[in-house]
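The values are calculated or read from the model by the stated rules, or taken from the named source; none is laboratory data. All values derive from a computational prediction rather than experimental measurement. Cβ sites come from the backbone with ideal geometry, for glycine too, and all protein chains shown count toward neighbours.
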Amino acid sequence: MRAMLLEKPRPAEENPLRLVELPMPEPAPGEIRIRVSACGVCHTDLHIVEGDLTLPRHPLVPGHQIVGTVDALGADVSEFRMGDRVGVPWLYSTCGECVYCRKGLENLCDRARFTGFHVDGGFAEAMVVPAAFAYALPANFSDLEAAPLLCAGVIGYRAIKLSNVRPGERLGLYGFGASAHIVIQIARHWNCEVCVFTRAESHRQLARKLGAVWTGVAGEAPPAPLDASIIFAPAGKLVPEAMRALRKGGTLALAGITMSPIPEMEYPLLYHERILRSVANSTREDVRSLLDLAAEIPVCTEIEAFQLPEANRALQNLKSSKIHGAGVLVI
């Protein structure tokens, strides 16, 4: 099978992914094999490829927003049949036994494995996954439209939940890429007013198209204090700016898997019971709930498609904020 292989982390501009032929993977008991049709391109893929995250192994096939069809079943699989359309997100497996798994916090599992990080992912024509960590997809989304829901959508959904925003309140979004363009649709469905902070004029135009009541850049004051905010950009310098725009008792959620250093800030920015918290991974329930909600709204994912051999170019465009909405590889 064809795959884009990362042999050693390097800057995206150096084309670190190489098109190779790999053996077709075989599913173990409890696993399914998926013929991949589409795979979203995520900022986490960029962090993996460039070495911002310490890789547990390489060479490695990245990719964790995977859509495809089941074409082989391991022993003891009852959840799916041959030909079923399924999606695979970032969370690949958990131990089910640690204190976090027992508390319903499997996203924090001590022995969690992640797709395209611990195991080969979806920048390839096929991959295997435990059947318990794959998902049937709503019929009203095409393969390309569904792919961004599996990480951008899921992490955005967990972030908006952890932001504590309530229907009708004001929500701030810092950065407006794949995740934020889905979150704004959830927030508008909840009748929230959304303010978007982003440098790119094309991203501000998309935010206004999707219902933002105000757009600007970090440091500008929104029309009124925000009840909650989410930072998607991996820039720690945004944290004091975002805290400054929060009302008393408001929550700021940090949705990135990595971030540059957060600068020292004055205690009054945190005082009055403001909350600063991170968002880490997601649970299987997050995935199921997001897919149901996305179908109900229905969410419209803005897509820019790339062919599999163009994965390096997709990552380069993502790095330079040139992708309008979400990038997706057509496998």
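Quick look at the numbers
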{"item": "Counted residues, the stretch 78-109 - those being over 24 Å from Ile331 (Cα atoms) and surrounded by fewer than 19 Cβ atoms within 10 Å (Cβ to Cβ)", "result": "13"}
{"item": "Condition check for Ile323: surrounded by fewer than 16 Cβ atoms within 10 Å (Cβ to Cβ), among the β-branched types (Val, Ile, Thr) and touching a residue at least 24 places away in the same chain (Cβ under 8 Å)", "result": "no"}
{"item": "Selection within the stretch 235-257 - more than 16 Å from His272 (Cα to Cα) and surrounded by fewer than 19 Cβ atoms within 10 Å (Cβ to Cβ)", "result": "Ala235, Gly236, Lys237"}
{"item": "Unmet criterion (only one of (1) in a helix (DSSP H, G or I); (2) exposed (fewer than 14 other Cβ atoms within 10 Å of the Cβ)) for Asn312", "result": "(2)"}
{"item": "Among (1) closer than 27 Å to Pro268 by Cβ; (2) over 22 Å from the mean Cα position of the chain (by Cα); (3) of a type in the set (D, E, K, R) - the single one Lys237 does not satisfy", "result": "(2)"}
{"item": "Odd one out for Leu290 among (1) closer than 27 Å to Thr54 by Cβ; (2) within 15 Å of the chain's Cα centre (by Cα); (3) buried (at least 20 other Cβ atoms within 10 Å of the Cβ)", "result": "(1)"}
{"item": "Some residue of the stretch 21-32 being touching an Asp or Glu at 6+ places or on another chain (Cβ under 6 Å) and surrounded by 23 or more Cβ atoms within 10 Å (Cβ to Cβ)", "result": "no"}
{"item": "Selection within the stretch 167-203 - over 26 Å from Trp90 (Cβ atoms) and modelled with pLDDT of 95 or more", "result": "Pro167, Gly168, Glu169, Arg170, Asn191, Glu193, Cys195"}
{"item": "Unique match (being modelled with pLDDT of 95 or more, assigned to a loop (DSSP other than H, G, I, E, B), within 17 Å of Val154 (Cα to Cα) and not charged (D, E, K, R)) among Gly96, Gly63", "result": "Gly63"}
{"item": "Complete set of residues in the stretch 99-109 that are in contact (Cβ under 8 Å) with a residue 40 or more places away in the chain and either in contact with a strand residue (DSSP E or B) (Cβ under 6 Å, 6 or more places away or on another chain) or assigned to a loop (DSSP other than H, G, I, E, B) (or both)", "result": "Gly104, Leu105"}
{"item": "Strands (runs of 3 or more DSSP E) within the stretch 110-224 that include 1 or more residues in contact (Cβ under 8 Å) with a residue 24 or more places away in the chain and buried (at least 24 other Cβ atoms within 10 Å of the Cβ)", "result": "126-130, 170-174, 193-197"}
{"item": "Cβ pairs under 6 Å, 6+ apart, first in the stretch 261-276 and over 19 Å from Ala233 (Cβ atoms), second among the charged types (D, E, K, R)", "result": "His272/Lys248"}
{"item": "Candidate set from the stretch 3-60 (those that are in a strand (DSSP E or B) and basic (Lys, Arg)); member that is farthest from Phe123 (Cα to Cα)", "result": "Arg33"}
